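Engineer: My questions will all concern the structure given below.
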Amino acid sequence: MSIIDEVECLRRIPLFANIEVPKLKLLAFTSERMCFPAGEVLFRQNEMGGSAYIILDGEARVLVDTPGGPLAVATLRRSDIVGEIAILCDVPRTASVIAETDLTVLCISKDTFFRMVMEFPQMGVEVMRVLAQRLEHTTRQVRHLAAAAVPAHA
């Protein structure tokens, strides 16, 4: 995949949609391309995070540890971003991510990500929007699981 392909992938992500192409080229150039074979772990829940990942090719599974074992909560595909919560909030990873297929990602360091957010306020707004959508999705899942666990009274 060329840097032009990486920029096109970045442009499809709402966080980066309004950023000028030269800045996206710089982001792609300063980020590290990494490959993970199917089954390999990108990161584990509760680890401290130093980078976010953008899926360039392949699929990954997002797993959350539960008392009953790992629970798959999402599948990531091309142009999805993951890992930004840990670097934004300086908290441990909220989930584990495992390559479902052979996976190619663009790894964006914490410093690079923060530079982009500071330089482009619209990106900060999009970060909030993405996080709010994820929170709503997680809340909906919790409600669904709680409703399934509580027996209905006759």
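The values are calculated or read from the model by the stated rules, or taken from the named source; none is laboratory data. All figures in this text were calculated on a predicted structure; none of them were measured in a lab. Glycine gets a Cβ as well: all are built from the backbone with ideal geometry, and neighbour counts include every protein chain shown. These accessible areas exclude ligands, DNA and RNA; they are computed on the full protein's heavy atoms, side chains included. Shrake-Rupley method; radii C 1.70, N 1.55, O 1.52, S 1.80 Å.
Engineer: Find all pairs meeting these conditions: Cβ atoms under 9 angstrom apart; at least six residues apart or on different chains; first residue within segment 13-24 and in contact (Cβ under 8 Å) with a residue 12 or more places away in the chain; second residue surrounded by 21 or more Cβ atoms within 10 Å (Cβ to Cβ) and in a loop (DSSP other than H, G, I, E, B).
Structural biologist: Every condition considered, the pairs that remain are Lys23/Phe16; Leu24/Phe16.
Engineer: Going by the conditions given, is Val125 farther than 25 Å from Met1 by Cβ, in contact with a strand residue (DSSP E or B) (Cβ under 8 Å, 6 or more places away or on another chain) and modelled with pLDDT under 90?
Structural biologist: No; evaluated as a whole, the condition is false for this residue.
Engineer: Can we say Val105 is at pLDDT 80 or above and over 28 Å from Val7 (Cα atoms)?
Structural biologist: Working: at pLDDT 80 or above: yes; over 28 Å from Val7 (Cα atoms): no.
So Val105 fails the test.
Engineer: Can you tell me which residue is most open to solvent (accessible area, probe 1.4 Å) among those in segment 113-143 that are among the aromatic types (Phe, Trp, Tyr) and more than 13 Å from the chain's Cα centre (by Cα)?
Structural biologist: Phe114
Engineer: Hey, another quick one. Need a quick list: strands (runs of 3 or more DSSP E) entirely within segment 9-87 having at least 2 residues that are over 21 Å from Gln141 (Cα atoms) and open to solvent by 70 Å² or more (accessible area, probe 1.4 Å).
Structural biologist: 32-36
Engineer: Which ones in segment 99-122 are within 20 Å of Gly50 (Cα to Cα) and outside any helix (DSSP H, G or I)? Even if it seems obvious, please write down each step before you answer.
Structural biologist: So the first thing to find is which residues in segment 99-122 are within 20 Å of Gly50 (Cα to Cα), and the list is 99, 103-119.
Those that are within 20 Å of Gly50 (Cα to Cα) and outside any helix (DSSP H, G or I): Ala99, Leu103, Thr104, Val105, Leu106, Cys107, Ile108, Ser109.
Engineer: Would you confirm whether or not segment 91-107 contains a residue that is in contact (Cβ under 8 Å) with a residue 24 or more places away in the chain, touching a helix residue (DSSP H, G or I) at 6+ places or on another chain (Cβ under 8 Å) and small (Gly, Ala, Ser)?
Structural biologist: No, segment 91-107 contains no residue that is in contact (Cβ under 8 Å) with a residue 24 or more places away in the chain, touching a helix residue (DSSP H, G or I) at 6+ places or on another chain (Cβ under 8 Å) and small (Gly, Ala, Ser).
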